[in-house]
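Quick notes on the structure that follows.
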Amino acid sequence: MERLYPQLILDALKNVRYPASGKNIVEAGMVEDDIRIDGNKVSFSLLFDKPTDPFIKSLVRAAETAINTYISPEVDIKGNIAVKTRQTAPQPAVKPLAHVKNIIGVSSGKGGVGKSTVASNLAVALAREGYRVGLLDADIFGPSVPKMFGVEDAELFMHQVDGRELIIPHERYGVKILSIGFLVDKNSPVLWRGSMASNALRQLICDADWGELDYFLIDMPPGTSDIHLTLVQTLALTGVVIVSTPQQVALADARKGIAMFMGDKVNVPILGLVENMAWFTPAQHPDERYYIFGKDGGVNLARELGVRLLAQIPLVADVCDNGDAGTPIALEDSITGHEFLHLAHEVVDAVDERNSTLPPTQKVNVTKK
């Protein structure tokens, strides 16, 4: 291995690009003038404007890889890159999602009931109906929206809006999308404490250029957690859509989720309940119904709690296949595709009904583009 010196390190780091500006990290002034060399051990610091910059981890890994690739794999660099925050003047507070008319959470009491499938297809259905739609995958520990939209390998970039560097959401099928899945290795688990997850979530909400939207959907994590409290404290939610299967175990957890949102500490309106996997219909026999998880469990729960039953979505193989292929079934003119269009209409009606009860100064008017 050749002798190491600072300029050699800088030349290698010029191959690392910062997505926010498109510049390499040396040109962007992100490599602090503190490069230290001790034999084959190299250490230095990277400078970021904010401690919550979503690209910190990926840039540290890229810098390590660049040095081992362009200099030598014998360079001891892994774990030797410090992360620092530049001292900048405090920025004025900005109201999150100021140009969004309706913010809707999609939640479930437990995992495995198809919440992300419902959120993704509802977003696509609303976009097909001519509304401006955004979708935030807030399921920090199990992000699946990138897979369902076929954008797992999408890169995120930033641009400047009114003097602020904002993340540009990825757009697919007329829906603006952001997910923690864009920022982490899709094959590795996200091992974050609650505070780290909440900070990452706030950044995807507040430091992204969502623009003007009619409906902003949030695919929430399953269950009841501090992530839900973060969302409620950060945003003024229009309401929540609860997803459950007809199974009694799922309904018991759905009941807890509804109680959480209706409680005094959260106090978010329930727009309605979606009974997913309501029955199984074989592709060869579309008129047949098999109630694998029980019959009308969601119907009865909605009636008992006095909430709207928004839709009953059948269990059809194409829903799973299309989700895996990155083409949500709401794009198709099929029976199930029409079920999600029906769900979109019901959600719009529920939002309109909720807005009609607000004082005139708080009412929101939504028109299709």
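The values are calculated or read from the model by the stated rules, or taken from the named source; none is laboratory data. Predicted model, so just to flag it, every value in this text is computed and none were measured. Neighbour counts are summed over all protein chains in view; Cβ atoms, including those assigned to glycine, are modelled from backbone coordinates with ideal geometry.
Scanning region 163-177 for residues that are modelled with pLDDT of 95 or more and β-branched (V, I, T) returns V175, I177.
Close Cβ contacts (under 8 Å, 6 or more residues apart or on different chains) running from residues in region 96-115 that are surrounded by fewer than 24 Cβ atoms within 10 Å (Cβ to Cβ) to residues that are assigned to a loop (DSSP other than H, G, I, E, B) and among the acidic types (D, E) comprise H99/E212; V100/E212. Any residue in region 10-33 that is touching a helix residue (DSSP H, G or I) at 6+ places or on another chain (Cβ under 9 Å), small (G, A, S), outside the structural domain of Q203 (by TED's automatic domain parsing) and more than 20 Å from Q160 (Cβ to Cβ)? Checked region 10-33: at least one residue is touching a helix residue (DSSP H, G or I) at 6+ places or on another chain (Cβ under 9 Å), small (G, A, S), outside the structural domain of Q203 (by TED's automatic domain parsing) and more than 20 Å from Q160 (Cβ to Cβ). Scanning region 119-163 for residues that are surrounded by fewer than 22 Cβ atoms within 10 Å (Cβ to Cβ), among the hydrophobic types (A, V, I, L, M, F, W, C) and in a loop (DSSP other than H, G, I, E, B) returns F141, V151, A154, L156.
Please return the ranges of strands (runs of 3 or more DSSP E) entirely within region 12-95 where 1 or more residues are farther than 27 Å from M196 by Cα. Answer list for region 12-95: 36-38, 41-48.
Restricted to region 141-162, and to residues there that are at pLDDT below 85 and farther than 20 Å from G323 by Cβ, the residue that is farthest from the chain's Cα centre (by Cα) is D162.
Within region 96-118, being assigned to a loop (DSSP other than H, G, I, E, B) and either farther than 18 Å from R202 by Cα or modelled with pLDDT under 90 (or both) holds for P96, L97, A98, G109, K110, G111, G112, V113, G114.
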